[in-house]
Amino acid sequence: MSLLNLMKSWYPAFFLQTVRNYSKPVAAAVGSKKKKLGKLGPVAEKKEIPVETDSNKLVNYVCGSNIMKTGQDVKIKPDSEYPAWLWEINYSRVIPLEELDPNTKQYWRRLRKTALRRNNQLAKLKKF
């Protein structure tokens, strides 16, 4: 008896090829599109929302304000019917800290925020 045959008789599992039984991919149903799978499962298809192109409606109505199935969008009123504070809202730029009144909460919040940012930048520069 040869050495190889002797080893086969003593260690039969050693000479067998290992077979990996991984799961097989799921076959898609006939005639259906295969959906992309994300980390959390199938990705929902995006709905295409129609865009209003009528210039008359865009000027006179707040398009998209009606969330009900029935009804209309809100009609835009003349400027005189809106409160005065609405036109004084600052939305274009951030007011510098020097222009803020030190007696307001906004001033002290901004001051604290800038100090925290400065301290974080300085701490980032330190080695250990």
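The values are calculated or read from the model by the stated rules, or taken from the named source; none is laboratory data. What you see is a predicted model; the values in this text were computed from it and never measured. Positions of Cβ are generated from backbone atoms using ideal geometry, with glycine treated the same way; all protein chains shown enter the neighbour counts.
General observations
- Any hit, segment 30-39, residues being modelled with pLDDT under 90, of a type in the set (Gly, Ala, Ser) and under 30 Å from residue 109 (Cα atoms): no
- Boolean, residue 116 is out of contact with any helix residue (DSSP H, G or I) (no Cβ under 6 Å at 6 or more places or on another chain), free of Cβ contacts under 8 Å to residues at least 40 places away in the same chain and not polar (S, T, N, Q): yes
- Restricting attention to segment 65-100, the residues that are surrounded by fewer than 10 Cβ atoms within 10 Å (Cβ to Cβ) and either among the polar types (S, T, N, Q) or part of a helix (DSSP H, G or I) (or both) add up to 14.
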